[in-house]
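FYI, it's all coordinate maths here, none of it is from the lab. Quick caveat, the model's predicted, so the values are computed rather than measured. Glycine also receives a Cβ, built like all others from the backbone with ideal geometry; neighbour counts cover every protein chain displayed.
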Amino acid sequence: MTITHDAPRVDAPAQVETLTMAAAVNRALADEMAADDSVVVFGEDVGALGGVFRVTDGLLARFGEQRCFDTPLAESGIVGTAVGMAMNGIRPVVEMQFDAFAYPAFEQIVSHVAKMGNRTRGALRLPMVIRIPYGGGIGGVEHHCDSSEAYYAHTPGLTVVSPATPQDAYSLLRAAIRHPDPVVFLEPKKLYWSKGEVDPAREARIGEAVVAREGSDVTLIAYGTMVPVALAAAEAAEAEGRSVQVVDVRTLTPLDDATLTDAVRRTGRAVVVAEAPGYASVASELAARISERCFEWLEAPVRRVTGFDVPYAPPKLEHYLLPDVDRVLDAIDTLYPDETDAAR
């Protein structure tokens, strides 16, 4: 059984289709641009080429170069321009071509995007979205496969979202574009070609996690590319006689503490699964918050399964770096020390 807080959207056509995540993002951009003339899309190669991953394909032809256009190769300039637009009634959606390509814009993001609302005591809000294809699993080289979510989640003033399904990519992106404050929208590029049903009439709310799979023995907590890994691990654990619940965090900040703590309290055991390196990470924060809020309910320490604390591996070695089902199952086994000792 899947628990969801989603509700019908009344202003979108209710035509359910099977789409890839990339196509779902494209549909969300097109639907918001059609619904709101103030929405503009720009970045490197997003116009005529349709983006490196073809996520913006067709937007230039449909909406014209005033609303979908290419920029110079200057990420700081892209985000700085978006700040000025957002201050003047436009809703910009900018694309950072790859995760690590966003670092030249980091000063703009943390010094201005995140702080403008507080700096002006709310007089100037920045309704803008920074789309970042992130994470590994595509055989990319260094600077093309970073999991940089901790940088943004650590920065007060930013909302950080990472969908794991085509439906959530569509619904959460539309919600992000309508959000009154800046959103960093992290799109797991490994999942761009994953497929699923997308109902344009279904809404997803920023700041709400969902239970992707019910279970009673262990709770796996994941986001982005690791949600399918957690679901696969849950299936494998079921064959071994363990009932595993999976929670998809969806929004990294603000975090849905209520859903997470309720889920862990029901099972008494938790494993956090994330692709990024484990040190000083989102996974660290999730584990800490669960330990603080669920201490009396925990039957074992909270475990983490993460990427290793090393620079991203070359393409032929990345499978050693990324968490997989076996590593998650090993972590689950450590939550049952008596059984492990008996097996020895």
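What to note about this one:
- Rh (Kirkwood; distinct C-alpha pairs) - segment 141-293, Å: 15.9 Å
- Global geometry of the chain, whether rounded, prolate or oblate, following the gyration tensor of its Cα atoms and the 1.5 cut on a/c: prolate
- Rounded, prolate or oblate (a/c below 1.5 giving rounded, otherwise prolate when a/b exceeds b/c) for segment 215-280 by Cα gyration tensor: oblate
- Based on Cα contacts under 8 Å between residues 6+ apart, segment 13-125 shows a relative contact order of 24 percent.
- Shape category assigned to segment 41-106 from the gyration tensor of Cα positions, a/c cut at 1.5: oblate
- Candidates R250, R327, R119, ranked by Gaussian network fluctuation over the chain, Cα under 10 Å, top entry: R119
- Highest mobility in the GNM of the chain, judged by mean-square fluctuation with C-alpha springs under 10 Å and restricted to G136, G122, G51, is found for G122.
- Helical content of the chain, expressed as a calculated mean residue ellipticity at 222 nm, amounts to -9500 deg cm²/dmol (DSSP H runs of 4 or more residues, -39,500 (n - 2.57) each, divided by residue number, nearest 500).
- When you restrict to C-alpha pairs under 8 Å that are six or more residues apart and normalise by the size of the chain, the relative contact order lands at 17 percent.
- Considering only beta bridges that DSSP places wholly inside the chain, some 25 percent are antiparallel.
- GNM flexibility winner over the chain from A288, A176, A153 (Cα, springs under 10 Å): A288
- Efficiency of FRET between E296 and A239 - r from beta-carbon atoms, R0 30 angstrom, step 0.05: 0.45
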